[in-house]
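Worksheet for the structure shown next.
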Amino acid sequence: MDRTAGTAQAARTTGGPKGETTLAHADAPAGLSPLVPLPGGSFRMGSTEFYPDEAPAHEATVAAFEIEAHPVTNAQFAAFVAATGYVTVAERALDPADYPGVATEDLVPGALVFTPTTGPVDLADSQQWWRWRPGARWDAPHGPGTSVEGREDHPVVQVSFEDAQAYATWAGRSLPTEAEWEYAARGGLDGARFAWGDEHRPDGELLANHWQGSFPHRNTGAQGWVGTSPVGTFPANGYGLVDMTGNVWEWTTSYYTPDHAGRARSAAEVAAARAALTVEIPAYVLTGAAQDGPGEHPDRTSAGSGDAPDPRAAASAEPGSTIPRMVLKGGSHLCAPEYCLRYRPAARSPQAVDTATSHIGFRCVVRPPVAVAPAVAPVSARDLLG
């Protein structure tokens with residue numbers, strides 16, 4: 001990929017959660033989302049109030065990082081495609097080896113598109129409102145004849161995990177871990193149900209883009225928007241981040257597990273892991289190894305692990321499949337309280353890495369390297385005595 005295309009000529013500064021500023025990479029492509037610096041720390045991750053895979057609620061710790069203020073937009077993804085010629089997964093023919101039993105004529109480029117039903121249906125059967133649409137892609141999110149014209153400031157959708165990773169690499173950024181994403185989404189409200197507090201609609205105000213009406217057949221629109229809304233239509237959280245819940249689900253680099261059991265580590269254990277470091281290592285490795293264990297990041301391996309297959313990738317796959325699933329966070333415009341009360345920081349959902357849909361997007365993060373004291377050469381008795 002041509003990393004020089006669209007290069008910014010000067011660094012940008014953006015406001016942080018407490019008025020701080022952050023210096024964007026001087027060689028980053030122009031037009032990237034502003035970064036908001038977060039100090040890192042410990043917080044209560046997960047919940048025991050709603051869905052089983054959110055439990056147990058536990059203490060998690062993340063290192064300092066910066067996160068984009070809003071999801072990547074159609075305009076930003078278009079700039080990436082124009083600069084690199086990138087072809088998304090939805091635009092590529094499907095490999096028969098990955099889909100045994102599927103007719104060859106059905107292995108055509110396309111993606112999943114939400115299609116409202118004509119009336120009430122059994123909410124246990126999601127196949128009633130999801131359709132495979134040949135030709136659906138990021139710039140034709142609902143199939144041939146549709147486009148993103150006039151929706152340049154909406155979050156990009158129909159992007160698979162690989163597509164999101166490719167954009168992040170081009171931008172000189174990364175995708176967040178689940179813990180980083182949830183820490184950011186909470187906006188400093190430790191343990192709150194929603195990104196704005198515990199009340200669903202304080203003073204009757206709608207604070208996120210989620211389904212309005214009777215799912216999946218009648219949607220009256222959120223602030224007038226049926227489907228995605230322009231980023232920032234709804235209020236920012238305490239860190240100044242918009243659309244952390246609602247609008248679109250967002251990819252993370254965490255493999256899906258049926259719950260948080262076995263993944264929670266105390267702040268003391270995290271501190272011990274940091275103290276044990278003897279080489280300079282990026283913050284994402286520290287966070288993943290200390291909190292979530294090996295295999296948290298599919299695009300990276302821990303020091304000394306080599307290129308051996310990660311057992312978490314296989315364990316994350318849906319029964320009967322070999323395709324890994326990652327954690328999605330944040331809920332979307334399709335979440336309805338009676339079906340999917342997941343427009344909350346603790347909520348999570350599994351998604352196969354090869355899948356693109358009309359309600360999944362992403363945002364990126366930047367992590368500083370962990371400062372490690374330089375090695376000190378041994379000192380002899382002669383040196384000490386002068």
Check your understanding: Can you sort THR253, THR220, THR73 by how many other beta carbons sit within 10 Å, fewest first?
Key -> THR220, THR73, THR253
Practice item. For LEU94 and SER147, calculate 0.36 nm times their separation in residues minus their Cα-Cα distance, and state this gained length in nm to one decimal. Key: 16.8 nm
Exercise for review: Counting other Cβ atoms within 10 Å, keep those with at most 12, restrict to DSSP loop, and tell me which GluC sites (Glu not before Pro) in the range 155-215 are left.
Suggested key: GLU199, GLU205
Practice item. Determine ³J(HN,Hα), in whole Hz, for all residues of the range 192-201 in sequence, where each value follows from phi through the Karplus function 6.51 cos²θ - 1.76 cosθ + 1.60 and θ = phi - 60°; x replaces Gly and Pro. Key: 5, 5, 10, 5, 10, x, 8, 8, 4, 9
Check your understanding: P(r) tail for the range 311-350, what percent of Cα pairs lie past 17 Å?
Key -> 42 percent
Study note, to complete from the structure: Footprinting proxy, MET326, MET244: sorted fewest to most Cβ within 10 Å, the residues are MET326, MET244
**Study point:** Residues whose placed amide H lies under 5 Å from that of THR253, excluding near-sequence neighbours
**Key:** THR177, GLU178
Check your understanding: If we count other beta carbons within 10 Å of each Cβ, what is the order of HIS217, HIS142, HIS210, HIS333, fewest first?
Key -> HIS217, HIS142, HIS210, HIS333
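Only the coordinates and a few stated rules stand behind these numbers; no lab work does. Just so it is clear, the model here is predicted, and its values are computed rather than measured. We place every Cβ from the backbone using ideal geometry, glycine too, and count neighbours over all the protein chains shown.
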